[in-house]
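Peer 1: Questions regarding the structure given below will be posed in turn.
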């Protein structure tokens, strides 16, 4: 036996080293943020941006109100885009792994619209129910809505220990419809100011978020997103089936519960800030997988980085393309992500 | 006493007895075949022995310790399971699939040690040249050999500590051509000296007779008979268990039992009455 062991060639080399992938994506993310800082309705020189950032970091008020654009508007907005993009992408990757279905996506299976309904409820019902008025009410309600939708879809899609793809997607359609009807009903009963904030984020936008809102939702997104990145090893085992994960000694039920919980809370928090931004959770993990394969230990953090960069790029485009007006970012993510996804699919198909 | 055993298992599901008072034993160094008609409870018995299911009555144990008393990852280093269907729609390399097998060892062994185990298992199953391939694009036979390599890697210990290990294979050959069937089961027999005991659900009685040391025949959740292939494969119990008409002969060359379908039933005209 030992002679065959020695003569066996080494395990095949990785397609790309993890360090290269994560390093490259981190640089792409940083570059997208820098470009985002400079672009917008107000054009600024590098010197002005530098002055504003230095002044902000040293704690003093920006002397020039023009420079306040950087620290009070663009910076929180960019950070929100990074966080939301990362969270949507990593949650998409985790759900696709958990459901063993490359089509699972927070938007597609109803998590986003569930979270949307939760948030709209707080916006509209907050006037009548005072306990819905605290600063945490909106993100919590969104998280709860997202979580509830995730659990319902998950339970419905489960049959005899395996996830049934068709049932899963149908359940998602049903949840989307029900949540949509609920949101419509609440819209009908809303007053003018509620209607404005409602419409504002049903279209999906990272605009209008100041530091205060960002700091409210950021901990939820950060903690859940980072925790999801650590689930790579068990999610790998799920790729061959729940029973394989079980036979390998993983606490399958606990992993499922934790993943669903983290995705629900993270996506809920993201949706509560920006509304429903589709396609990021579906496309980004696919793109990453086509490049580096399906090893979740690398796939999850790489998806988070690419998702963050992608949403920053989309937001920058949304701000500059029709400046001084803005495009809804949800439309842009679909416009950018859809064709790119098709291109990759076709390319991959012809290579075989 | 080294063995993986089921002791008087009884299990009901939705008011139907799936297993009734079934006992079974696998010891290191032997291949035990579990045969029986569809729905006899073979897979359920396998899932009890893997620790996946807990029986209503009776108990499964590994080397005298109840499976329930094992921590999941400790048990995973002692027994591996090849399920009927473990495909994926994700782009995994064969090397990725193999690496997963070492998950239960991540606190017990160094990465180098784990890589050595993966390489050794891959060499034993003859899949070394497939390591850089996309798992989804392998042929059925190649895929099943990789799966076998994976479960071998899971229980592979390069510094053998003398502990017994077990492989549970659920219809490992059902989708394979005769050549792949034979190669797969030969690999299984080759690893037996490493202190491995094998329980395999097999549908092909001739294949079972050729590769198993002992057989258990299960029908309707009950154990019909057990023993050496020549003792189990007898026309009486086989035909009543399967509800079939099979001729059982003895192969003059090998002395093994040989099962042949009894051929077409004599033609009866539908007009000739109800006899």
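Read the figures in this text as sums done on the coordinates, not as results from a lab. From a predicted model like this one, the values you see are computed outputs, not experimental measurements. Don't worry about glycine lacking a Cβ; one is built from the backbone with ideal geometry, like all the others, and counts go over all protein chains shown.
Peer 1: Taking chain A as the region of interest, what is the percent of Cα-Cα pairs per 20 angstrom bin, listed from the shortest bin to the one with the maximum distance?
Peer 2: Result, from short to long distances: 29, 55, 14, 1 percent.
Peer 1: Here's a follow-up. Using the alpha-carbon atoms, what tilt in degrees (0 to 90, nearest 10) does helix A:46-57 show relative to the longest principal axis of chain A?
Peer 2: 90
Peer 1: Which value in Å is the Kirkwood Rh of region B:1-77 over different Cα pairs?
Peer 2: On the way: mean 1/r = 0.0773 Å⁻¹.
This gives a value of 12.9 Å.
Peer 1: Among A:211, A:128, rank each residue by its count of other Cβ atoms within 10 Å, from fewest to most, as a rough exposure measure. Provide the component values of the computation, followed by the final result.
Peer 2: Working: A:211 14, A:128 8.
Listing A:211, A:128 from fewest to most nearby Cβ atoms yields A:128, A:211.
Peer 1: Quote the relative contact order of chain A in percent (integer), defining contacts as alpha-carbon pairs under 8 Å separated by 6+ residues.
Peer 2: Reported as a whole number, the value is 29 percent.
Peer 1: How high is the FRET efficiency between residue A:30 and residue A:73 when r is their beta carbon distance and R₀ equals 22 Å, given to the nearest 0.05?
Peer 2: Details: r = 20 Å, r/R0 = 0.91.
With R0 = 22 Å, the Cβ-Cβ based efficiency is 0.65.
Peer 1: Pairing the Cα long axis of helix B:178-190 with the longest principal axis of chain B, what angle in degrees results, from 0 to 90 and rounded to the nearest 10?
Peer 2: In chain B, helix B:178-190 runs at an angle near 60 degrees to the longest axis.
Peer 1: Give me P(r) over region A:66-106, computed from all C-alpha to C-alpha distances, binned every 5 Å, as integer percentages.
Peer 2: P(r) over region A:66-106, rounded to whole percents: 5, 24, 16, 13, 11, 10, 8, 7, 4, 2.
Peer 1: Tell me, what is the FRET efficiency for residue B:256 and residue A:103 to the nearest 0.05, using R0 = 35 angstrom and their Cβ-Cβ distance as r?
Peer 2: Details: r = 50 Å, r/R0 = 1.41.
With a Förster radius of 35 Å, E is 0.10.
Peer 1: Please order B:180, B:203, A:286, A:247 by the number of other Cβ within 10 Å, starting at the fewest. Please list the in-between numbers first.
Peer 2: Details: B:180 17, B:203 14, A:286 23, A:247 30.
Arranged by neighbour count, lowest to highest, B:180, B:203, A:286, A:247 become B:203, B:180, A:286, A:247.
Peer 1: Would you kindly compute the Cα radius of gyration of region A:173-332 and its largest Cα-Cα separation (Dmax), both in Å?
Peer 2: 18.2, 58
Peer 1: Can you give the angle from 0 to 90° between the axis of helix A:211-229 and the longest principal axis of chain A, with both taken from C-alpha atoms, to the nearest 10?
Peer 2: Orientation of helix A:211-229: about 0 degrees from the principal axis.
Peer 1: Calculate the translational D of region B:4-228 in whole µm² s⁻¹ from Stokes-Einstein, where the hydrodynamic radius comes from the Kirkwood formula applied to all Cα pairs, the temperature is 25 °C and the viscosity 0.890 mPa s.
Peer 2: 138
Peer 1: Still on this structure: Report the residues of region A:141-156 in range of a label on residue A:170: point 7 Å along Cα→C-beta, backbone N strictly under 16 Å from it.
Peer 2: The answer is A:153-156, whose backbone nitrogens lie closer than 16 Å to the label point.
Peer 1: Sticking with this one: To the nearest 0.05, what FRET efficiency results for residue A:177 and residue B:132 with a Förster distance of 45 Å applied to their C-beta separation?
Peer 2: On the way: r = 45 Å, r/R0 = 1.01.
Calculated value: 0.50.
Peer 1: If you don't mind, another one. For region B:4-228, what is the relative contact order in percent, using Cα pairs closer than 8 Å and at least 6 residues apart in sequence? Numbers along the way, then the final one.
Peer 2: On the way: 415 pairs, mean separation 72.6, N = 225.
Normalised by residue count, the contact order of region B:4-228 is 32 percent.
Peer 1: At 7 Å along Cα-to-Cβ for each site, give me the label-to-label distance between residue A:345 and residue A:192 in nm.
Peer 2: My value for the distance between the label points is 4.5 nm.
Peer 1: Arrange the following residues from fewest to most other Cβ atoms within 10 Å of their Cβ: B:65, A:26.
Peer 2: Numbers: B:65 12, A:26 15.
Ascending Cβ contact count within 10 Å gives the list B:65, A:26.
Peer 1: Just from the alpha-carbon atoms, what are the Rg and Dmax of region A:262-352 in angstroms?
Peer 2: When restricted to the Cα atoms of region A:262-352, Rg and Dmax are 14.4, 46 Å.
Peer 1: Label-point separation (nm) for residue B:190 and residue A:323, each offset 7 Å from Cα along Cα-to-Cβ?
Peer 2: 6.7
Peer 1: In nanometres, what is the gap between the two model label sites at residue A:212 and residue A:127, each 7 Å from Cα along Cα-to-Cβ?
Peer 2: 2.0
Peer 1: Taking all pairs of distinct Cα atoms, average 1/r, flip it, and tell me the Kirkwood hydrodynamic radius of the protein assembly as shown in Å to one decimal place.
Peer 2: Evaluated on the protein assembly as shown, it is 27.6 Å.
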